[in-house]
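Presented below is the structure to which this report refers.
The values are calculated or read from the model by the stated rules, or taken from the named source; none is laboratory data. Note that this is a predicted model, so its numbers are computed, not measured. Heads up, the Cβs are rebuilt from the backbone with ideal geometry, glycines too, and the neighbour counts pull from every protein chain shown.
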Amino acid sequence: MIPSYKHPLTVLLKIARDLVSGKDSSFRLHAGEFLKNQPDLLKINGKEYIPEHGPCVLTFNHYHRPGFHAWWLALAVASVIPQDIHWIVTNELTFPNKWYRAIGRPASRGILRRLSKIYGFTGMPSMPPRPEDARKRAFAVRKVLTYIKQYECSFIGLAPEGSDQTDGILSMPAKGLGRFCLLLASSGMQFTPIGIHESGGCLQLKFGPQYSLTIPANLPPKQRDQMAARKIMDHIADLMPNHLRGDFG
């Protein structure tokens with residue numbers, strides 16, 4: 001049975017108001033408001049592994065389907081973590097194969113820029129990587145590293161795949177993701193995997209044990225990047241149903 005997702009008008013109006021005014025807001029509080037009138041929507045497994053404090057990177061799978069948008073993944077995670085999360089989000093929606101792509105992409109950039117401002121997110125160029133975005137991506141990476149130095153017990157929220165998987169089956173992240181996560185690890189961040197899927201009329205979240213992301217330093221950079229990305233996805237896959245694990249786990 002597929003869950004039913006409600007979008008409370010009062011919360012949407014609050015978000016619209018803050019977008020217009022530019023007022024700083026808490027995504028965690030808004031997430032709680034989204035879900036407080038849907039008490040049976042979430043089912044949390046592995047509660048003993050929910051981290052109470054950072055430094056910690058929360059990694060989870062990324063997907064969508066008709067009637068389910070990927071923002072529910074972030075809303076669900078934010079609603080159960082005990083402090084605000086610094087989310088790493090795309091700075092542009094690409095709308096592949098859609099007739100409104102030429103209009104939708106620049107419009108999404110403006111909206112996502114405003115959302116990042118009011119919630120304190122870091123926007124990353126969309127996946128797959130484009131050569132012309134290299135400077136923007138490097139700037140975003142530096143911004144995140146500066147943030148975790150400033151806030152030593154911070155939570156970072158990240159969907160490694162970086163793009164929507166319409167069938168929900170895990171896929172390999174784009175190149176550079178592993179390298180970025182190794183930078184976070186070298187800054188003292190631990191990693192907590194979360195597997196998310198829909199079943200039994202619920203959005204199921206399963207938390208796994210926290211781990212350290214370590215890869216042998218004597219390997220070539222490309223291999224270290226790939227190994228780190230695969231290790232992250234393997235941990236997520238361990239928390240997913242077999243039919244959604246793909247080549248992982």
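Of the residues in the range 28-40, at least one is under 16 Å from the mean Cα position of the chain (by Cα) and among the charged types (D, E, K, R). The residue list Gly120, Gly104, Gly54, Gly67 contains one member that is farther than 27 Å from Tyr211 by Cβ, modelled with pLDDT of 80 or more and not polar (S, T, N, Q), which is Gly67.
Can you name the residue in the range 170-203 that is touching a strand residue (DSSP E or B) at 6+ places or on another chain (Cβ under 8 Å) and over 18 Å from Val57 (Cα atoms) and is also surrounded by the most Cβ atoms within 10 Å (Cβ to Cβ) among such residues? So the residue we want is Leu203. Quick one: in the range 48-69, of everything that is assigned to a loop (DSSP other than H, G, I, E, B) and in contact with a Phe, Trp or Tyr (Cβ under 7 Å, 6 or more places away or on another chain), which residue is farthest from Asp238 (Cα to Cα)? Checked the range 48-69; the qualifying residue farthest from Asp238 (Cα to Cα) is Gly54. The sole residue among Gly162, Gly188, Gly168 that is in a loop (DSSP other than H, G, I, E, B), of a type in the set (Gly, Ala, Ser) and more than 15 Å from the chain's Cα centre (by Cα) is Gly188. A count restricted to the range 155-169 and to residues that are surrounded by fewer than 21 Cβ atoms within 10 Å (Cβ to Cβ) and either in contact with an Asp or Glu (Cβ under 7 Å, 6 or more places away or on another chain) or modelled with pLDDT of 90 or more (or both) stands at 1. What do you reckon, is Leu219 out of contact with any Phe, Trp or Tyr (no Cβ under 9 Å at 6 or more places or on another chain), in a loop (DSSP other than H, G, I, E, B) and of a type in the set (A, V, I, L, M, F, W, C)? Yes, satisfied. The numbered conditions (1) touching a residue at least 24 places away in the same chain (Cβ under 8 Å); (2) over 20 Å from Ile196 (Cα atoms); (3) over 21 Å from the mean Cα position of the chain (by Cα) are all true for Thr10 except (1).
Number of residues in the range 2-47 that are in contact with a strand residue (DSSP E or B) (Cβ under 8 Å, 6 or more places away or on another chain) and not β-branched (Val, Ile, Thr): the value is 12. Considering only residues in the range 1-25 that are polar (S, T, N, Q) and exposed (fewer than 14 other Cβ atoms within 10 Å of the Cβ), the one that is modelled with the lowest pLDDT turns out to be Ser4. Consider Ile88 carefully, then state whether it is under 20 Å from the mean Cα position of the chain (by Cα), under 21 Å from Pro241 (Cα atoms), modelled with pLDDT of 85 or more and not in a helix (DSSP H, G or I). In short, no.
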